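Written below as structure tokens is the structure these notes are about.
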Amino acid sequence: MKIVITGHKTGLGEYVSDAMVAQGHTVNGYSRSTGYDINDPDVRDTILLENLDADLFFNNAYGRMQNIEFDDIPEHWKRGENGQLNLLKQFCDAWKGRTDKYILHSGSKIVYKNMQKSKQVKTYRLDKMDCTTLIKTYIGLGPNICDFSMGMFDTPMADIWPDFFIRGEVEDYGQQLVMFIDNKETIWPREAVFDNPGRKEYGPYEIAQMEGSL
């Protein structure tokens, strides 16, 4: 099987990449650290054209939060210009009607939370919401898409988030993704929402308190 993974050098992307290579699959990985910034349209075109014959695309890299001062987010960020969103759309369009193709999207449980005060959290949430909305327009049309929504896990990106977010382990989520890939021809979820066992859930009131809105 030929698998495409963005953000394959760290965190969840690295875990899934290593697991797939160990199983003997071909993995084409693309990361900012290896010269592939998915916010660059030319890079996205390259990734797509090199992998039209792939079997599965793991749309893992987010790519928004590197090299940006969060006080400047309103000047740097425009909705709809998220590289992860646009690369997802390109693969969906290219593989439309192809029920033999699979896309795993690295989503987030943040779409179900109304986070407003923290700029980086609000920006991240809106970007992930746009991806989820896009996925719903392709459900049932081919390719087979799974919006894999996760809680926070322990990566360098997590360091910028508020302390009250509980960090899980990369392996906990990675094992589930590998299981989905291994069994893709038997069972394939359209949406999966995972979190850490024992995690405390916060409602809108508690989140507003922790953000300092109340």
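The values are calculated or read from the model by the stated rules, or taken from the named source; none is laboratory data. Because the structure is predicted, anything quoted here is derived from the model rather than measured. When we count neighbours, we look across all protein chains shown, and the Cβ atoms used for this are built from the backbone with ideal geometry, even at glycine. Note: areas computed on protein heavy atoms with side chains; ligands, DNA, RNA excluded. Shrake-Rupley method; radii C 1.70, N 1.55, O 1.52, S 1.80 Å.
Per-structure values
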item: Residues (surrounded by 15 or more Cβ atoms within 10 Å (Cβ to Cβ), aliphatic (A, V, I, L, M) and modelled with pLDDT of 60 or more) located in segment 185-207; result: Ala192, Val193
item: Number of positions in segment 136-184 that are at pLDDT below 70 and either under 16 Å from the mean Cα position of the chain (by Cα) or among the charged types (D, E, K, R) (or both); result: 9
item: Every residue from segment 124-151 that is in a loop (DSSP other than H, G, I, E, B) and either without any contact (Cβ under 8 Å) to a residue 40 or more places away in the chain or open to solvent by 20 Å² or more (accessible area, probe 1.4 Å) (or both); result: Ile139, Gly140, Leu141
item: Matching residues, segment 29-57, being under 22 Å from Asn144 (Cα atoms), open to solvent by less than 60 Å² (accessible area, probe 1.4 Å) and among the acidic types (Asp, Glu); result: Asp55
item: Residues that are part of a loop (DSSP other than H, G, I, E, B) and acidic (Asp, Glu), drawn from segment 16-37; result: Asp37
item: Unique residue being farther than 23 Å from Val178 by Cα, open to solvent by less than 10 Å² (accessible area, probe 1.4 Å) and outside any strand (DSSP E or B) when the list is Val111, Val121; result: Val121
